[in-house]
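Remarks on the structure that follows.
Nothing in this text is a laboratory measurement; each read-out follows from the coordinates by a stated rule. From a predicted model like this one, the values you see are computed outputs, not experimental measurements. We place every Cβ from the backbone using ideal geometry, glycine too, and count neighbours over all the protein chains shown.
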Amino acid sequence: MTHQSASITAARTSPESHGSTALADHNEDLRAIFEHFDENKDGRISKDEMSASLQRLGLIIPPADLTELMDNADANDDGFINYEEFVGLYATLASAGDGGGDVDGGAGEKSAADAELNEAFNVFDKDGDGFISAQELHSVLKSMGVLQGRSVSDCIAMIRRVDSDGNGQVDFEEFKEMMSSGLQ
């Protein structure tokens, strides 16, 4: 992540639910990720839990940026991120990936968002071939303890939901589209 990214200035909004199966599946995935980040299972993510979880994903955020991220996402100002705030944070990060978090319309902000998405994509693209395979997705999700990633067949199903060209893998553009439309 870059330290001057538009995504860090997270909006305090809740995503709308349209009740679709894909959205329900996506919300299950988000719930599982939230629960993994919430290491002590108290229903909220502390700054230390957020930092440790992001580090496990290979994302190192400078302390000041992490504080800013947490402060902006913490709608009730209790110093923690609850599930609803986590979903809002995700929606903001996803919209930033599509330019939606670009407050001033500047190309530099969109480039920063694309760079962050690329960094996140690279966490999953372990072999660096430009695609996320079911095996790579399984490996990363398993290391995170995400239940939906416990088998390769689960990961194949996840990939099918976003694989627009039908090649059985997720390329960067599909990843970007998934992130930008995930909760819309």
So for each of 81-90, 153-162 I average, over its residues, the number of other beta carbons within 10 Å; can you give me the resulting order with the highest mean first? 81-90, 153-162
Can you tally the net charge around Asp165? Count Lys and Arg as +1, Asp and Glu as -1, for every other residue whose Cβ sits under 10 Å from the Cβ of Asp165. -4
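Kindly rank 116-126, 59-69 from highest to lowest mean number of other beta carbons found within 10 Å of each residue.
Details: 116-126: 17.5, 59-69: 14.9.
The most tightly packed comes first, giving 116-126, 59-69.
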Amide H neighbours of Ile45 at under 5 Å, excluding residues fewer than 5 places away on the same chain, with H built from the backbone geometry, are Ile81, Asn82
Among residues other than Arg56 whose Cβ falls under 12 Å from its Cβ, what is the net charge (Lys/Arg +1, Asp/Glu -1)? -1
